[in-house]
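S.K.: Let me give you the structure first, and then I'll get to my questions.
The values are calculated or read from the model by the stated rules, or taken from the named source; none is laboratory data. Computed from a predicted structure; not experimentally measured. Methodologically, a virtual Cβ is constructed for each residue, glycine included, from the backbone with ideal geometry; neighbour enumeration extends over all protein chains shown.
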Amino acid sequence: MFCKNCGKEIDNSAKFCSNCGFNFDAEKLVEKVIVDKRKTMLNAAFALNIIALGIVIAILLTVTALGDLSGVAYFFTFDDLADLIVNGDSRNIEFNWDMILSIAPLSSIILSIATAIVGVIAKIVLSSNASRKGIAYFYLIFTFITAVFTVIGSVYVFPFLLCFAGFIYYIPAILLIIAAVKFLQATK
Amino acid sequence: MKIFSNLFRQIRFSLYIAITASGIIVQWIIPLQYKCDISNNKCFACGLRTAVNLLLDGKLVEAYTSNKLILGILLLGIIMFIDVLIYIIKIARSKAAE
């Protein structure tokens, strides 16, 4: 092999360069530290993604368990979605601002699950090749949309918590953004 | 083991950032406040914002009277502060050793 520092040809098993004294073991150690750091960042990003998903589902399941305590007259549910897919527009849903808002809670659950799936893909891709920045940027955009829907969805189904307790709505959104930043940091 | 500890620290610190940022948004930035009249239900957050304001003014007793949950927030704040402080001291020491 050749020394990375001076370019002189040296023995493959050599730990130091006989010409300039370059330490190959130290270089390997630095590489290992960088790889470990990147791996930790990927794992942290993925864990944050899962925590955010858990919080979103917990908030919206709590709302479902509490029934119509939130005072929302209409909540676009999975049944509605199934009806819409199977039977078309069977419920004569009017596409107005209220309807768009009513999709937000369901969308935030679906988007959060989708974000977790994209997170798994990003983790696998970046673990094998850290130079693929495209997947990290895709995750960032996807995450941003999910974060917005998460806040809108939570506020829509649980509007009476728009006081201090409403801070729980922002936690998953911010966690997702942090996860996206960590994925970006893990790229080369 | 060190990787696990780093991972745990990153997750912990990210949660601190998320909680602090959410608190700042709700306390000072979000324009929508106090909509409890929608449900007529009392929730645990009643008076918490006032309690936070009182705490920041240094009025501990008044803050506690406003909402007892302020103790939990105070405790969380102290834990977060100590945790971050220990990390900063460790970093400073390792840099000084170098």
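S.K.: On the given criteria, is A:Tyr170 at pLDDT 85 or above and assigned to a helix (DSSP H, G or I)?
M.R.: Here the answer is no, as A:Tyr170 does not meet what is asked.
S.K.: Can you confirm whether B:Glu98 is more than 14 Å from every other protein chain (Cβ to nearest Cβ) and either under 24 Å from A:Ile174 (Cβ atoms) or at pLDDT below 85 (or both)?
M.R.: Against the criterion (more than 14 Å from every other protein chain (Cβ to nearest Cβ) and either under 24 Å from A:Ile174 (Cβ atoms) or at pLDDT below 85 (or both)), B:Glu98 qualifies.
S.K.: Right, another one. Being modelled with pLDDT under 85 and surrounded by 18 or more Cβ atoms within 10 Å (Cβ to Cβ) narrows it down to one of A:Phe142, A:Phe158, A:Phe183, so name that one.
M.R.: It is A:Phe158.
S.K.: OK, next. What pairs come out if I take residues in the stretch A:24-37 that are within 20 Å of A:Cys6 (Cα to Cα) and pair them with residues that are among the hydrophobic types (A, V, I, L, M, F, W, C) and not in a helix (DSSP H, G or I) whose C-beta lies under 8 Å away, six or more apart or interchain?
M.R.: What qualifies is A:Phe24/A:Ala14; A:Phe24/A:Phe16; A:Phe24/A:Cys17.
S.K.: I'd like the full set of residues that are of a type in the set (A, V, I, L, M, F, W, C) and in contact with a Phe, Trp or Tyr (Cβ under 9 Å, 6 or more places away or on another chain), limited to the stretch A:123-138.
M.R.: Answer for the stretch A:123-138, where residues must be of a type in the set (A, V, I, L, M, F, W, C) and in contact with a Phe, Trp or Tyr (Cβ under 9 Å, 6 or more places away or on another chain): A:Leu126, A:Ile135, A:Ala136.
S.K.: Can you find even one residue in the stretch A:20-33 that is within 13 Å of chain B (Cβ to nearest Cβ), hydrophobic (A, V, I, L, M, F, W, C) and either under 42 Å from the mean Cα position of the chain (by Cα) or part of a helix (DSSP H, G or I) (or both)?
M.R.: Yes, the stretch A:20-33 has at least one match.
S.K.: Only residues in the stretch B:51-78 that are surrounded by 17 or more Cβ atoms within 10 Å (Cβ to Cβ) count as the first member; pair them with residues that are among the hydroxyl-bearing types (Ser, Thr, Tyr), Cβ under 7 angstrom, at least 6 apart or cross-chain, and list the lot.
M.R.: B:Ala51/B:Ser66; B:Leu54/B:Ser66; B:Ser66/B:Thr50; B:Ile70/B:Tyr64
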